[in-house]
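The values are calculated or read from the model by the stated rules, or taken from the named source; none is laboratory data. Source: prediction; values computed, not measured. Cβ sites come from the backbone with ideal geometry, for glycine too, and all protein chains shown count toward neighbours. Ligands, DNA and RNA are stripped out before the accessible areas are found, and what is left, the full protein with its side chains, is counted by its heavy atoms. Shrake-Rupley method; radii C 1.70, N 1.55, O 1.52, S 1.80 Å.
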Amino acid sequence: NDQIAAMTIARIVNNHNLHIAVLALALLETLVQQCGYAFHLQIAIKEFLNELVRRFLERPPPFPGPVMSKILELIYTWKDTICSESRWKEDLGNTRDMHRLLTFKGYRLRELPRTQPAVASTSNLKSAEELEEEDREAQAAKLQELIRRGTPRDLAASAQHTRS
């Protein structure tokens, strides 16, 4: 399940062993690149983002370590890619909010040379059938997340979602 995988990785990122944390971030980056909307939805959930930045201080340190630097790089990259290019970018607002919060607190991303795209391009040419299937998968993932959260507002949204 995407939600369990995302939250487990976020907890492992906060491991005191630097090597384990860096490997967890590499896995997270790969999953975001290779998985679709269902995983992107999970990394845009407040609980996930809060767990990811749990060790961030109120003010940034003068020289952030490799784990903090990589987390910043991922959040800034997600904001510039999936949050602006995805067909479902309106569902990924928490990532933009986290980016805004970190920027407000003074966290900055050091400019790094780009060697590969951070997220698989969402603009690939696809057939109508492929786009329909992608839409069905995205709608199912969104419905599953609304039901999982289970708040009255989310359940009402899921009921509305199933009617449309």
Provide the gained length on full extension for the span I12 to D97, in nm with one decimal, where the gain is 0.36 nm per separating residue minus the Cα-Cα distance. 28.3 nm
Inter-site label distance for Q33 and H19 at 7 Å from Cα along Cβ, in nm: 2.2 nm
Expressed in nanometres to one decimal, the distance between label points 7 Å along Cα→Cβ at A128 and N50 is 4.5 nm
With DNA, RNA and ligands ignored, accessible area of K89 (1.4 Å probe; Å², nearest 10): 90 Å²
At a Förster distance of 35 Å, what's the computed FRET efficiency of A159 paired with L57, Cβ-Cβ distance as r, to 0.05? 0.25
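Below 11 angstrom from the Cβ of E29, what's the summed charge of the other residues (Lys, Arg +1; Asp, Glu -1)?
It works out to a net charge of 0.
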